[in-house]
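Peer 1: Sending over a structure as structure tokens; questions will come in a sec.
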Amino acid sequence: MAGSDFGAKLNLVLKAFSMSRGRLAAELKVDKSLVGRWAAGTVTPSAHNFAALTALVAKRHPRFTMLDWELPLVALAERLGVDASVAVKDAAAPGFTAIDFPARLIETARNETARRGHGFEGIWNAKRLAFTRMGEFVRDVIMIRKQDGILHMRWGNSAYECRGPLLQLAGQLHGILIDESDDSILFCLLNGVNMPQVEVMDGIFMAIAKDGPQTPCGAACLLERECNLVGDVAEDDRRYEELKSAAFLWDRTHITPEEYTHLVREIGPKAYAAGGDLFLRSPLARSLSRGGRQTDMPVKVTV
């Protein structure tokens, strides 16, 4: 079944049962953002999640089976007791249009994640220049973990949060994250490390500033591992939320001279003429990314 077809059918099921995506995620014990990607048609459920979803539908609509997902949309609507004309109208709406990532790109990301993804999983502290408080440094808390074969990222602090996939491609990590509070998009490009466990990553962070004109901005960023995941989804979520709710700005005493030089850069024609950069970039030759052997790092208590 094509992803976009499944997305339309899942939205039909949600409508038939007057169920929100958040409620479905809670009942299936998966992240809400994952249900959003199912509904958008960007990914389809794993075999485990597909079976759990079908069982959930069957509880509300007896004798529903996996084969019912193969029905045409109109026939599925009739099966669920939904007005078929409404189903066709909804399926044609823009909300059912999926972003079409090339299949080879997703397959490459899955292969990379299978080989080296575990080394990036964990909870991280991030440092970057603030976009709306000149001269100050934002503290973000990030959680990276595997989900349906690729890495996913939660990135935020006490003021906001973005979620989305983190694709491993050609040794680098490409994050495409959504802030559901205002439907803005955050991008991050990070230098990867070919080590069993990554301890520090750097790269570039791009987002819309939370100012009046919503200015597009970019800044160098530095991610340092706070702790490993314990493997219990609820506990890892709890720890992430605890750290995120306390994070906002770094005290300048927590920014070392090396980090300051890395995060605050002279760029432009004058800097370029003096041997610097014409534009913001994060070359491997100057990367602070590093890793080490796999360890069972305990959860740290941040004071």
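The values are calculated or read from the model by the stated rules, or taken from the named source; none is laboratory data. Because the structure is a prediction, the values reported are computed rather than measured. Positions of Cβ are generated from backbone atoms using ideal geometry, with glycine treated the same way; all protein chains shown enter the neighbour counts.
Peer 1: Before we move on, is E180 in the same structural domain as G135 (by TED's automatic domain parsing) and under 18 Å from S158 (Cβ atoms)?
Peer 2: Spelling it out, E180 is indeed in the same structural domain as G135 (by TED's automatic domain parsing) and under 18 Å from S158 (Cβ atoms).
Peer 1: Just to be sure before I move on: is R225 in the same structural domain as R145 (by TED's automatic domain parsing) and under 20 Å from R290 (Cβ atoms) in the structure I sent? Before the answer, list the steps.
Peer 2: Working: in the same structural domain as R145 (by TED's automatic domain parsing): yes; under 20 Å from R290 (Cβ atoms): yes.
Yes, satisfied.
Peer 1: Taking segment 239-271 as the search range and keeping residues that are of a type in the set (F, W, Y) and part of a loop (DSSP other than H, G, I, E, B), which one is surrounded by the fewest Cβ atoms within 10 Å (Cβ to Cβ)?
Peer 2: F248
Peer 1: What do you reckon, is F279 within 25 Å of N191 (Cα to Cα) and exposed (fewer than 11 other Cβ atoms within 10 Å of the Cβ)?
Peer 2: yes
Peer 1: Further, regarding this structure: Return the total of residues in segment 201-222 being surrounded by fewer than 16 Cβ atoms within 10 Å (Cβ to Cβ) and either without any contact (Cβ under 8 Å) to a residue 60 or more places away in the chain or outside the structural domain of A109 (by TED's automatic domain parsing) (or both).
Peer 2: 4
Peer 1: Anything in segment 8-25 that is among the small types (G, A, S) and crowded, with 17+ Cβ neighbours inside 10 Å? List them, or say none.
Peer 2: Hits for segment 8-25 are A8, A16, A25.
Peer 1: Tell me yes or no: at least one residue of segment 26-41 is assigned to a loop (DSSP other than H, G, I, E, B) and either out of contact with any helix residue (DSSP H, G or I) (no Cβ under 8 Å at 6 or more places or on another chain) or surrounded by fewer than 14 Cβ atoms within 10 Å (Cβ to Cβ) (or both).
Peer 2: Yes, there is a match, as at least one residue in segment 26-41 is assigned to a loop (DSSP other than H, G, I, E, B) and either out of contact with any helix residue (DSSP H, G or I) (no Cβ under 8 Å at 6 or more places or on another chain) or surrounded by fewer than 14 Cβ atoms within 10 Å (Cβ to Cβ) (or both).
Peer 1: Right, something else. Does any residue in segment 47-63 that is surrounded by 12 or more Cβ atoms within 10 Å (Cβ to Cβ) come within less than 7 Å, Cβ to Cβ, of a residue that is part of a helix (DSSP H, G or I) and among the hydrophobic types (A, V, I, L, M, F, W, C) six or more places away or on a different chain, and which pairs are these?
Peer 2: Short answer, once both residue conditions are applied: N49/L28; A52/L28; L53/L28; T54/M66; L56/L28; V57/V13; H61/L80.
Peer 1: OK, next. Among the residues of segment 231-238, are any farther than 15 Å from C162 by Cβ and part of a loop (DSSP other than H, G, I, E, B)?
Peer 2: First, the residues of segment 231-238 that are farther than 15 Å from C162 by Cβ: 231-238.
Right, trim to part of a loop (DSSP other than H, G, I, E, B) and you get 231-232.
Yes, the conditions are met somewhere in segment 231-238.
Peer 1: Hey, does segment 199-221 have a residue that's within 11 Å of S289 (Cβ to Cβ) and more than 18 Å from the chain's Cα centre (by Cα)?
Peer 2: yes
Peer 1: Look through segment 123-139, keep the residues that are over 15 Å from L190 (Cα atoms) and assigned to a strand (DSSP E or B), and return whichever of them is nearest to the chain's Cα centre (by Cα).
Peer 2: I123
Peer 1: Quickly run through segment 175-200 and pick out the residues that are crowded, with 19+ Cβ neighbours inside 10 Å and touching a Phe, Trp or Tyr at 6+ places or on another chain (Cβ under 8 Å).
Peer 2: Matches in segment 175-200: G175, L177, D179, L186, C188, G192, V198.
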